[in-house]
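Down below is the structure, laid out as structure tokens.
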Amino acid sequence: MHLPRYRTSVAFDLCIPTESVQADASNFAVLELFTERRDMMSLPVTEQQKPIGLISRNIFMSQMSKPFYHEVYGKKSCIAFMDKEPLIVDGAMSIEDLTFRAVEAGEKALADGFIITEDGALAGVGFGLQLMNVVATMQAEKNRQIMHSIDYASVIQRALLRTSDAELRATLPDAHLEWQPRDVVGGDFYFFERHAGGWFAAIADCTGHGVPGAFMTLIASSALSQALRELGPHDPAALIGAVSRAIKTLLGQDGASSGEATGHAGSNDGMDCAFLCYDTASASLRFAGAKLALHVVAPGEEAVRAIDGARMGVGYVDTPAGYCWHNEMLDIPAGSLLFLTTDGLLDQIGGARDIAYGKRRMREQLLAQRDAPAGDVAAALLQDSAAWQGKQPRRDDLTFFCFRL
């Protein structure tokens, strides 16, 4: 797709012509359309050519696959499953304004797409990955605009994390979540959400850092949000599996579309992650990890206990589509300090011999600060890590989650 110069880029540059359905169309009609058009991810709903809503393929197919939904909802109007407040923008809107509108609209506009109109009538749809790609591509046209453009991507990325920050503050009073991208944007992300009877948390380290890493975080976080909608928060291992399959499919790493017959995959990207689900009533914790571990300092213990995740990454070409991660059911003593980290902390080179910071130093810091508030534990780790790094350059994004139950 040829892009015009940065100053004249508008929403029409992202517009993909699409079919639509009238508001009185049945869910059977929508199902038939999604079945015939497997490339269609979102379907606008119109009245007199004006868009009034957007049906997400993933949400619709998930709902209609439930028992008896065909019989109950099949003949009913398709508005039953549509988003009644999608992001709708005029095609003449600038990319800059569209970026901020997408941020304000939240994750659904980036994951499920947005509607583009011309003179109020439906023109087509656009998607978040296109938007981020255009924002990044425009920078290359003028060097002085590179950082300006990446800042837009940073705004989008930070907006996706903002809800998790608020949920964490409202749920765990003694907790600290550190997120430091190596560059303006990064390949790490985190997620925190309260639910009835407890909470769910995740941290993840996606392939790459900078803008490529940020693209991966959008793919992975959108896949996680969809998996949570479909499966709920109580089975972290199943959620990892769902995210892995989604990444493989979206990036053409799932065999059928990955060039398996020729031995050449389109990409080989994925992530390491740790997922937690806490049940308040039973005071129990479910943990599942992919190459990341959960570290626990229990009251009275003189060592840090590590619960290792599986040694299988998420989404990569070599990860079997049917691989099953496993949950660890943990009874955590009250007052325990728990810690999750991506490898940005552990792999940082420094010290007198220019070696990695490593797990031993991390454990020493956790034990030394075992009775301190989570914020103080985090501050001590950051100070020790910075002293270790010295004049060495930062190697990777840094993300860790420290909390006390």
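The values are calculated or read from the model by the stated rules, or taken from the named source; none is laboratory data. Note that the structure is predicted; figures quoted are calculated from it, not measured. Cβ sites come from the backbone with ideal geometry, for glycine too, and all protein chains shown count toward neighbours. For accessibility, only protein heavy atoms count, side chains too; no ligands or nucleic acids. Shrake-Rupley method; radii C 1.70, N 1.55, O 1.52, S 1.80 Å.
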If we keep just the residues of region 184-201 that are touching a His at 6+ places or on another chain (Cβ under 9 Å) and without any contact (Cβ under 8 Å) to a residue 40 or more places away in the chain, which is most open to solvent (accessible area, probe 1.4 Å)? His195
Hey, Arg37 over 23 Å from the mean Cα position of the chain (by Cα), within 22 Å of Ile219 (Cα to Cα), open to solvent by less than 80 Å² (accessible area, probe 1.4 Å) and not β-branched (Val, Ile, Thr) or not: yes
Pull up region 40-85, narrow it to residues that are touching a residue at least 40 places away in the same chain (Cβ under 8 Å) and hydroxyl-bearing (Ser, Thr, Tyr), then point me to the one that is most open to solvent (accessible area, probe 1.4 Å). Tyr73
For Pro212, which of the numbered conditions (1) free of Cβ contacts under 8 Å to residues at least 60 places away in the same chain; (2) over 23 Å from Ser154 (Cβ atoms) fails to hold? (2)
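Check region 271-290 and report whether any residue there is basic (Lys, Arg), within 22 Å of Asp397 (Cβ to Cβ) and open to solvent by 20 Å² or more (accessible area, probe 1.4 Å). Break it down into steps so the answer makes sense when it comes.
Going through region 271-290, the residues basic (Lys, Arg) turn out to be 286.
Adding the requirement that they be within 22 Å of Asp397 (Cβ to Cβ) leaves none.
No: region 271-290 contains no residue that is basic (Lys, Arg), within 22 Å of Asp397 (Cβ to Cβ) and open to solvent by 20 Å² or more (accessible area, probe 1.4 Å).
State whether the residues of region 44-55 include one that is under 20 Å from Leu250 (Cα atoms), under 24 Å from the mean Cα position of the chain (by Cα), part of a helix (DSSP H, G or I) and not acidic (Asp, Glu). Reasoning before the result, please.
Filtering region 44-55 down to residues under 20 Å from Leu250 (Cα atoms) leaves 55.
Going one step further and asking which of them are under 24 Å from the mean Cα position of the chain (by Cα), we end up with 55.
Now drop any that are not part of a helix (DSSP H, G or I), which leaves none.
No.
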Taking Gly106 as the residue in question, decide whether it is surrounded by 14 or more Cβ atoms within 10 Å (Cβ to Cβ), closer than 29 Å to Phe12 by Cβ and of a type outside the set (Val, Ile, Thr). yes
Unique match (being open to solvent by 20 Å² or more (accessible area, probe 1.4 Å), part of a helix (DSSP H, G or I), touching a Gly at 6+ places or on another chain (Cβ under 7 Å) and farther than 26 Å from Glu230 by Cα) among Phe12, Phe28: Phe12
Looking at (1) open to solvent by less than 40 Å² (accessible area, probe 1.4 Å); (2) modelled with pLDDT of 90 or more; (3) more than 28 Å from Phe60 (Cα to Cα), find the lone condition where Asn268 falls short. (1)
